[in-house]
1. DSSP loop (so not H, G, I, E, B), at most 15 other Cβ within 10 Å: list which trypsin sites (Lys or Arg not before Pro) in the stretch 200-268 pass both filters.
2. Calculate, axis by axis, the spread of Cα positions in the stretch 66-190 along the three principal axes, and write the results as whole Å, longest axis first.
3. Starting with the highest mean, order 71-78, 120-127 by the number of other Cβ atoms within 10 Å, averaged over the residues of each peptide.
4. So what are the ³J(HN,Hα) numbers for the stretch 126-131, from phi and the Karplus equation (6.51, -1.76, 1.60; θ = phi - 60°), rounded to whole Hz, Gly and Pro as x?
5. Take the stretch 127-277, drop everything but the C-alpha atoms, weight them equally and run the Debye formula without solvent; then report log10 I(q)/I(0) at 0.10, 0.12, 0.17 Å⁻¹ to two decimals.
6. Can you tell me, using C-alpha contacts under 8 Å and at least 6 residues apart, the relative contact order of the stretch 66-190 as a whole percent?
7. Fewest first, what order do 94, 205 take by the number of other Cβ atoms within 10 Å?
Amino acid sequence: MPAGKAAIQTKAPHSAFRTWISPFPAVSVAWVQMLLAEQTPTQLPPPPRAVHGGLGCAVWGVRLFVLPHMCAGVFLLGRLVASVLLATFGTDVEATVTNAHTAPASKGGTIYYLDYQYRRDGREFFDTETVGATAYATFSAPGTLEGRRPTLRVRHWQLGPWSTHRVDQQSAPWRLVAGDFFIALFWNGILSVFVYAFWVRPTRERSLIRHGEVARGTIVSTRTRQGRGPNYFATFRFAEPATGFDVQREMEISGLVDFASLRPGYPLTVLFDPRKPRRAIAYELCGYRVTGADP
């Protein structure tokens, strides 16, 4: 490595390989060197490359399942933005309750609804709000809706033809913002795991293989993580051609790769993003295939 250039490392080399060769170091090292000498990294055509394989058609089933949940996440973020606008720029208005009705819940119980309307800047607004049993009993009591109808406090904000409003009986708009924030954070936090695993990562990997620059690398270490089934990982190192910096990355090994055949020093073809060299993938371990590759 050139002087003054620091190596980029993420994990220390795995000790399993050292343990494996320790009983017979001379024989084991010679055998590994002979094995590695017969291995050559894959020769890839210049970009853009035709990419095949990967997670396959099954991933689209998961993507279609995640898609409506992504739409719900976008809705919750939009609701949060609307709540902030309401709390910052909105005004309180009195809305008239026009009807009270119930509906059975899907998992048992009862859902309580109040229909209301109000007038603002020459426009009539109508909406329905779900309430608790106590509030529903108050507004739907016999005689309550006779004569002067009860009213609700509504927070309203309007910008040209677009408007938004929320029922705010306690006149605490920032409490609504806090509630919407935690709901959006919880939903999108869990959803982001699936979005990254089944949308972002596969798209990024295919883009790297299709357009990435090529460098020669080697395996540094391997490891296994037990879950519902074993997951295999490999740490590899390569020198960035433009600067000579050593870059070290870990990636999950595709199930199509024979994990038992991988050893430290195994030569690899690495594809990386020259703008972010740490964004890299080892071609032989990823499960994708390139048309015209020379193994």
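1. Numbers: sites: 204, 206, 210, 216, 223, 225, 228, 237, 249; in loops: 228.
Hits after loop and neighbour filter: 228.
2. That gives 48, 41, 23 Å along the principal axes, largest extent first.
3. My ranking of the peptides, most packed first, is 71-78, 120-127.
4. Computed from phi, the couplings for the stretch 126-131 are 10, 6, 10, 10, 7, 9 Hz.
5. Results for the stretch 127-277 at q = 0.10, 0.12, 0.17 Å⁻¹ read -0.64, -0.73, -1.12.
6. Once divided by the residue count of the stretch 66-190, the mean separation gives 31 percent.
7. 94, 205
No lab work stands behind these numbers, since they all come straight from the coordinates. This structure is a prediction, so every number in the text was calculated from the model and none was measured. Here the Cβ is made from the backbone with ideal geometry for all residues, glycine too, and neighbour counts use every protein chain on show.
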